[in-house]
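Engineer: Can you keep this structure in mind? I'll have questions shortly.
Here, each number is a calculation from the coordinates, and none is a lab measurement. This structure is a prediction, so every number in the text was calculated from the model and none was measured. Every residue, glycine among them, receives a Cβ derived from its backbone with ideal geometry; neighbour counts consider all protein chains shown.
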Amino acid sequence: MSGVVLYSVISLTAMGAAFGLGLALAARKFAVERDERVEKIEAMLPGANCGGCGYAGCIGFARALVEGKASPYDCAPSGIETANAIADLLGLQKVEKTPRVAVVACRGGKRVPTKITYGGVRTCQAVTLLADNLRECPYGCIGLGSCVEVCPFDAIKIIDDVAVVEDEKCTGCGMCVEACPKQIISLVPKTKKVRIACSSHDRGKAVKAICDVGCIGCGLCAKNCPVGCIEMQDNLAVIDYERCINCGICAAKCPTKSIIDKVSHRPKVLIDSKCTGCGECKKVCKFNAIEGEPGERHKVILEKCIGCGLCGDVCPEKAISIAGALGHQSEN
Amino acid sequence: MDVGRLFAIAIGAILINNFVLKRFLGLCPFLGVSKQLDSALGMGFAVIFVMTMASIVTFGIYHYVLVPYHIEYLRTIAFILVIATLVQFVEMVIEKTSPGLYRSLGIYLPLITTNCAVLGVAVLNIDKTYSFVETLVHGFSAGIGFTVALLLMAGIRERLELADIPESLRGVPIAFIVAGLMSIAFLGFAGLAAE
């Protein structure tokens with residue numbers, strides 16, 4: 001009996017030791033040199049595995065970063081601080097990048113009459129293939145939520161049959177942009193709060209007949225834009241977000257409210273005692289909101305000022321403050 | 001040793017006594033890794049490889065270590081030790097020699113360590129007193145059988161994604177029902193041979 005116990009103990013111990021030793025040797029022989037930076041970078045990345053960078057998950061992206069195939073700024077969700085930290089780690093040049101958010105250029109949804117009764121597969125792609133759209137407008141949001149499905153951050157909701165993006169949650173990864181078969185989602189700089197909310201290239205009459213919030217191509221916005229950043233392209237207003245100053249005049253002028261102004265609070269500009277009365281601000285103001293004689297301290301007409309901040313950029317004395325103004329981080 | 005017996009063992013392990021659908025071994029990966037055909041295929045190959053290797057090594061351990069010292073009762077723990085070591089070793093070798101395969105198998109390899117189907121193969125080989133060649137064939141066919149079941153399941157589940165299923169049955173519940181139906185269907189193979 002004791003023989004069995006002895007044999008058991010010895011053989012199991014021997015086997016365990018042999019296997020352990022074998023594995024240890026094998027581990028040394030087959031050691032794969034791993035770049036520890038990959039793991040470090042992976043820990044820094046958001047870990048959402050959204051695929052917005054074009055690589056298979058965050059680990060794939062981290063690998064590509066170390067190999068120098070990708071830039072830290074390709075990862076939209078990680079934000080500028082993380083990207084800078086990764087650039088530091090890899091010894092890369094830091095880049096200024098503006099965070100962007102996805103914007104759905106449609107507000108139609110339930111406002112637009114339905115075209116067909118649909119009982120098929122509940123994805124926007126299927127509808128597009130079968131019938132182009134569920135509703136009369138061929139350009140609008142189908143509202144079955146293919147973008148909601150792909151959003152790794154839960155930032156899109158379908159409200160009244162239209163996809164709506166929550167700016168706070170959106171990281172600008174761009175997954176929804178690719179998923180939308182209607183191609184009505186685009187990435188817009190986060191600081192630009194005035195956005196076109198229609199994608200229809202139809203003529204005014206056709207749009208008016210089916211949707212009361214569609215762009216009818218009247219061009220009022222383009223005519224009234226103080227910086228001329230709106231252009232009419234094929235019956236649809238298009239904003240050049242590079243030049244837009246968030247003034248919101250277009251949204252106010254739009255007869256069908258197909259431009260949304262998400263600015264909740266427009267600050268006023270203040271000119272302090274450093275003003276030398278050079279008149280630069282007066283010249284640049286699109287709204288005649290600054291008055292004053294040359295050589296004297298200028299004043300802002302508060303009723304007219306929309307807080308666009310154009311004057312702050314040109315003031316040589318830095319005498320103009322626009323606290324919290326949109327699109328202007330500086331508070332000189 | 002005739003080829004006919006080997007063939008019977010292979011058919012037995014693949015169809016008649018399919019490890020997943022008849023013996024109900026390895027159900028965890030069967031439901032866990034059967035969502036997509038690609039990963040199911042990867043998992044299948046990994047299992048075939050590990051099952052064959054495990055059959056060979058456990059055969060040696062049993063007949064040349066456990067039997068001579070009359071400690072056959074230790075076979076379960078010894079086999080688990082062998083399988084775990086083997087999987088670790090295989091993982092290392094694959095990572096070194098074929099990074100592409102390693103990446104595609106990736107997380108599935110360690111999963112196999114605790115797969116009862118692998119232990120099942122090793123134990124069955126002993127119980128049926130197979131010779132070495134028979135053990136080899138049985139291990140390999142058991143892996144094939146597992147892969148076949150996994151692939152069938154993955155194919156069905158990919159289609160289920162688009163099917164109109166009552167809300168309360170979506171996801172895992174319908175997968176369980178499908179697994180049950182497949183198991184019943186595989187019962188039909190029982191008439192192929194009298195084992």
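Engineer: Would you kindly calculate the mean projected area, averaged across all directions, of the convex hull enclosing the Cα atoms of chain A, in square nanometres?
Structural biologist: Quarter of the Cα hull surface area: 28.4 nm².
Engineer: Is the shape of chain B rounded, prolate or oblate, going by the alpha carbon gyration tensor and its root eigenvalues a ≥ b ≥ c, with a/c under 1.5 for rounded and a/b larger than b/c for prolate?
Structural biologist: Taking the square roots of the gyration eigenvalues as a ≥ b ≥ c, chain B is oblate.
Engineer: Shape of segment B:63-156 from its Cα gyration tensor (a ≥ b ≥ c, root eigenvalues): rounded if a/c is under 1.5, otherwise prolate when a/b > b/c, or oblate?
Structural biologist: It comes out oblate by the Cα gyration axes.
Engineer: Where a Cα-Cα gap under 20 Å defines reach, which lysines qualify for A:K282, not counting those fewer than 8 residues away within the same chain?
Structural biologist: Here the lysines satisfying the reach criterion relative to A:K282 are A:K268, A:K274, A:K299, A:K304, A:K318.
Engineer: Another question, if that's okay. Near A:K29, which aspartates and glutamates are there with a Cα under 17 Å away, not counting those fewer than 8 places off in the same chain?
Structural biologist: B:E91, B:E95
Engineer: So which trypsin sites (Lys or Arg not before Pro) in segment B:101-181 pass both tests, a DSSP loop state and at most 14 other Cβ atoms within 10 Å of the Cβ?
Structural biologist: In loop regions of segment B:101-181 (DSSP not H, G, I, E or B), the sparsely surrounded trypsin sites (Lys or Arg not before Pro) are B:K128, B:R170.
Engineer: Related question: What shape does segment B:130-195 have by the C-alpha gyration tensor, where a ≥ b ≥ c are the square roots of the eigenvalues, rounded means a/c under 1.5, and otherwise prolate means a/b greater than b/c and oblate the rest?
Structural biologist: Prolate is the answer for segment B:130-195, as a/c is 1.5 or above and a/b outweighs b/c.
Engineer: At R0 = 60 Å, how high is the FRET efficiency between B:L181 and A:F30 if r is their beta carbon distance? Nearest 0.05 is fine.
Structural biologist: E between B:L181 and A:F30, to the nearest 0.05, is 0.85.
Engineer: Using the eigenvalues of the Cα gyration tensor, what equivalent ellipsoid semi-axes result for segment A:100-189 when each is taken as the square root of five times the eigenvalue, whole Å, largest first?
Structural biologist: Taking √(5λ) for each eigenvalue gives 22, 13, 11 Å, largest first.
Engineer: Can you pull the Kirkwood radius for segment A:269-322, inverse mean 1/r over Cα pairs, to one decimal in Å?
Structural biologist: For segment A:269-322, the Kirkwood estimate is 10.6 Å.
Engineer: Here's something else I'd like to know. Could you list which residues have their amide H under 5 Å from that of A:V101, counting only those 5 or more apart in sequence or on another chain, with H placed in the peptide plane?
Structural biologist: A:V188, A:K190
Engineer: Could you work out the local net charge near A:D161, counting Lys and Arg as +1, Asp and Glu as -1, over the other residues with Cβ closer than 12 Å to its Cβ?
Structural biologist: +4
Engineer: Quick one: check the C-alpha center-to-center distance for segment B:132-177 versus segment A:1-70, whole angstrom.
Structural biologist: For segment B:132-177 versus segment A:1-70, the Cα centre distance is 28 Å.
Engineer: Of the options B:Y102, A:V238, B:L15, report the single residue whose Cα projects farthest towards the positive end of the charge dipole of the protein assembly as shown (beta-carbon charges: Lys, Arg +1; Asp, Glu -1).
Structural biologist: Looking along the dipole axis, the top candidate is A:V238.
Engineer: Packing-wise, with mean Cβ within 10 Å as the measure, how do B:40-48, A:180-188 rank, highest first?
Structural biologist: B:40-48, A:180-188
Engineer: Within segment A:166-243, how many Lys pairs sit with Cα atoms under 22 Å apart, leaving out pairs fewer than 8 places apart on the same chain?
Structural biologist: Total qualifying Lys-Lys pairs in segment A:166-243 comes to 9.
Engineer: Would you mind calculating the relative contact order of segment A:36-90 from Cα pairs under 8 angstrom and at least 6 residues apart, reporting the percent as a whole number?
Structural biologist: 32
Engineer: Given H placed 1.01 Å from N in the peptide plane, which residues other than close sequence neighbours of A:I290 have an amide H under 5 Å from its amide H?
Structural biologist: Answer set, sorted by chain and number: A:I301.
Engineer: Work out Dmax and Rg for segment A:192-262 from the C-alpha atoms and quote the Rg first, both in angstrom.
Structural biologist: Final numbers for Rg and Dmax: 11.0, 33 Å.
Engineer: Further question: Under 15 Å from the Cβ of A:I259, count the other residues' Cβ atoms, weight Lys and Arg +1, Asp and Glu -1, and hand me the total.
Structural biologist: Local net charge: +4.
Engineer: Based on a Kirkwood Rh over C-alpha pairs, give the Stokes-Einstein translational diffusion coefficient of segment A:36-90 at 10 °C and viscosity 1.306 mPa s in µm²/s.
Structural biologist: Estimated via Stokes-Einstein, D reaches 150 µm²/s.
Engineer: Can you list the DSSP H helices in chain B whose Cα atoms extend at least 20 Å along the helix axis and whose mean Kyte-Doolittle hydropathy is 1.0 or higher?
Structural biologist: B:37-61, B:75-97, B:132-160, B:172-187
Engineer: At a 10 angstrom cut-off on C-beta neighbours, averaged per residue, how do the peptides B:108-119, B:87-98 rank from highest to lowest?
Structural biologist: Top to bottom by mean Cβ count within 10 Å: B:108-119, B:87-98.
Engineer: Assuming R0 = 56 Å, can you tell me the calculated FRET efficiency for the pair A:E303 and B:L151, based on Cβ-Cβ distance, to the nearest 0.05?
Structural biologist: Result of the calculation: an efficiency of 0.15.
Engineer: Stretch A:F287-A:K157 to full length: gain in nm at 0.36 nm per residue minus the Cα-Cα span?
Structural biologist: So the extension gain works out to 43.1 nm.
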